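Chemist: Following this message is one structure expressed as structure tokens.
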């Protein structure tokens, strides 16, 4: 009976530790500031791209960083520069004012993705970058 109790206690302790480690890891992985900064970088790259294809590839990166892998509009094909940074800046952000700004940047990125004209897509990219860049 003593051995059974010891094993049960050991298993309970191991399970508790594993649960704590998983929860801690999940929290550590969510970094909306880093996701936002990465999205801003890619919005800037989209604005400076030399062709529409490059502009829209980087705008896809912006969308992916903002919505995360489970979000509407996420597309793994062009890549996800925010991989392992969290669940997307919008779902990870708790501040409602910041979330509105991120959603406005997402709308600009999506508009740029729909644009057929490079100048229009780059304007949307510039607007998205401004919304994603912290005001000092």
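The values are calculated or read from the model by the stated rules, or taken from the named source; none is laboratory data. The model shown is predicted, which means the values in this text are computed figures rather than measured ones. Virtual Cβ from ideal backbone geometry, glycine too; neighbours counted across all protein chains shown.
Chemist: So is residue 50 over 26 Å from residue 95 (Cβ atoms), in a loop (DSSP other than H, G, I, E, B), at pLDDT 95 or above and in the same structural domain as residue 91 (by TED's automatic domain parsing) or not?
Modeler: yes
Chemist: For the stretch 66-82, indicate whether the set of residues that are at pLDDT below 95 and surrounded by fewer than 15 Cβ atoms within 10 Å (Cβ to Cβ) is non-empty.
Modeler: no
Chemist: Checking residue 122 against (1) farther than 26 Å from residue 135 by Cβ; (2) touching a residue at least 60 places away in the same chain (Cβ under 8 Å), which test does it fail?
Modeler: It fails just one condition, (1).
Chemist: Please state which of the following conditions residue 102 fails to meet, knowing it meets all the rest: (1) surrounded by fewer than 21 Cβ atoms within 10 Å (Cβ to Cβ); (2) not in a loop (DSSP other than H, G, I, E, B).
Modeler: Status for residue 102: all satisfied but (1).
Chemist: What's the total number of residues in the stretch 68-98 that are under 12 Å from the mean Cα position of the chain (by Cα) and assigned to a helix (DSSP H, G or I)?
Modeler: Qualifying residue count, the stretch 68-98: 4.
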